[in-house]
Amino acid sequence: MRTSKIGFVSLGCAKNRVDTEVMLAKLLHAGYEIVEEDTRADVMIVNSCAFIQSAKEESIETVLDLDWLKKNHILRGIVLTGCMAQRYYEDIRKELPEVDAVVPVGDEGYICEAVEAVLQGKPYERKTTAPEELPLGGDRVVTTPPYTAYLKIAEGCDNCCAYCAIPMMRGPFRSRPMEDLIAEANMLHALGVKELCIIAQDTTRYGKDLYGEYSLHTLLEALCTSTEFSFPWIRLLYCYPDKITDELIEVMAKYDAIVKYIDMPIQHISDAVLKSMHRHGGSAVIKDAIARLRRAMPDIVIRTTALVGFPGETKQDFNELARFIKEIKFQRLGVFAYSREEGTPAYTMQKQVPGKIKQARLDNLMNEQYTIQHNDHTSKIGQTFLVLTEAYDGVAECYYGRSAADAPEIDGKVFFTGPGGIQPGTFVQVHIDQVMEYDVTGRVVSGEEVK
């Protein structure tokens with residue numbers, strides 16, 4: 001009997017990717033064959049995102065594209081999992097007949113049962129409506145390049161920002177036990193991972209529910225002092241300004257393995273907008289977190305995100321945000337236009353901002369950020385940085401990788417020339433020669449390759 005072949009499309013954030021990796025492991029253990037090409041699959045699983053409107057549209061378009069393979073090739077069924085399946089379970093079953101099984105977040109532990117139902121032409125009925133039924137952790141098939149991986153330390157979110165549907169899709173915040181995380185880190189190290197990216201919906205809340213206090217600093221210290229493994233780079237993503245404790249900053253500054261980089265979304269700086277957004281802590285908290293981070297680590301790279309066009313955001317509010325970004329000079333910045341999401345408090349708020357104004361404000365901030373980042377990159381010319389090699393670009397005839405200042409998938413690249421044979425995952429010292437928009441170019445310094 002032929003082994004059924006399963007393909008995956010993972011959309012959205014790195015946290016969703018980890019969920020995909022856990023489902024892949026379950027399917028492999030059950031005897032299915034995992035294939036990369038959708039044209040070879042008997043069943044395709046789409047792990048969807050529904051954070052904003054564009055993400056929902058991408059999820060639907062992916063399903064519709066795959067439906068062509070059902071009608072014209074060997075594909076026998078489509079399974080939709082993830083946030084969109086959780087948030088719109090009944091709507092999908094009624095209005096998207098191309099999907100053969102809808103598996104919400106809390107049901108992802110039953111992915112094998114859903115796939116088998118599709119293969120047998122039977123309906124799949126969800127087991128739970130609660131996203132918090134999603135198991136924490138589990139065996140994984142790592143899908144990132146072998147030198148980098150994500151460690152998801154918690155699930156869900158308790159912040160309940162007014163614009164965000166994540167709490168209704170992912171459930172309340174739940175930390176994973178520290179011993180489980182250390183064991184998983186050990187497994188990832190054994191696979192050859194050199195860059196460990198720490199993620200959660202709110203990474204800085206880690207441990208509050210399990211241990212009664214914010215415990216990210218304790219976890220980081222355990223990762224840095226383990227006698228069983230040692231990661232050259234440990235990177236923090238999805239941190240919140242109101243939970244940047246002095247203990248966390250002390251540990252970040254203490255250990256060389258923790259790259260001097262933090263992803264810390266602020267969303268806005270106007271106190272009126274922050275209050276309307278239901279963000280925890282006002283502008284003073286944000287400014288204090290930035291000041292303490294930079295005081296302890298003067299070279300730290302701070303990545304943040306800003307949300308423009310939130311209901312009620314005035315021209316004065318926006319100008320305050322623009323001035324702040326120009327003054328603070330975040331080395332990395334992403335800007336998003338507010339997406340009106342049903343079921344969230346902001347959906348029914350008055351004074352919705354027109355789309356053209358939202359886009360103009362987004363463009364304004366990104367134009368300013370281009371200048372800030374260009375100037376920051378220009379200041380690096382003539383300096384030498386440690387770079388993690390990712391691949392060789394045959395067209396450009398050079399290698400590319402990332403410095404400690406650049407997170408995977410969201411930041412820029414370092415393009416560089418060097419001797420032949422540098423393998424992905426190799427650390428090299430690169431002398432920076434030029435700036436190329438959001439990237440930099442350089443050359444390997446002879447004799448300084450780091451094993």
TODO: Residues that are of a type in the set (Phe, Trp, Tyr) and at pLDDT 95 or above: find the helices (runs of 4 or more DSSP H) completely inside region 260-332 holding 1 or more of those.
DONE: 315-328
TODO: Evaluate the following for residue 245: is it more than 18 Å from residue 402 (Cβ to Cβ), hydroxyl-bearing (Ser, Thr, Tyr) and crowded, with 23+ Cβ neighbours inside 10 Å?
DONE: no
- [ ] Look through region 48-107, keep the residues that are touching a helix residue (DSSP H, G or I) at 6+ places or on another chain (Cβ under 7 Å) and of a type in the set (Ser, Thr, Tyr), and return whichever of them is nearest to residue 24 (Cα to Cα).
- [x] 81
Task: Residue count, region 231-259 (criterion: within 18 Å of residue 305 (Cα to Cα) and of a type outside the set (Asp, Glu)) - done: 9
Open item on the list: Report every pair of residues separated by at least 6 positions or lying on different chains whose Cβ atoms are under 8 Å apart, first residue within region 304-329 and closer than 12 Å to residue 361 by Cβ, second among the acidic types (Asp, Glu).
Closed with: 322/368; 325/368
Open item on the list: It is to be established whether one or more residues within region 409-419 are in contact with a helix residue (DSSP H, G or I) (Cβ under 8 Å, 6 or more places away or on another chain) and touching a residue at least 40 places away in the same chain (Cβ under 8 Å).
Closed with: yes
TODO: Taking only region 376-404 into account, find how many residues are outside any loop (DSSP other than H, G, I, E, B) and among the β-branched types (Val, Ile, Thr).
DONE: 4
Task: Scope region 219-245; condition outside any loop (DSSP other than H, G, I, E, B) and in contact with a helix residue (DSSP H, G or I) (Cβ under 7 Å, 6 or more places away or on another chain); matching residues - done: 219, 220, 221, 222, 223, 234, 236, 241, 242, 243
- [ ] Would you please list the contacts, defined by Cβ atoms under 8 Å and residues six or more apart or on different chains, that run from a residue in region 238-261 that is under 22 Å from residue 13 (Cα atoms) and in the same structural domain as residue 224 (by TED's automatic domain parsing) to a residue that is of a type in the set (Ser, Thr, Tyr) and in a loop (DSSP other than H, G, I, E, B)?
- [x] 243/214
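The values are calculated or read from the model by the stated rules, or taken from the named source; none is laboratory data. Everything numeric in this text was worked out from a predicted model, so none of it was measured. Because the Cβ atoms are built from the backbone with ideal geometry, glycine has one as well, and the counts that use them run over all protein chains shown.
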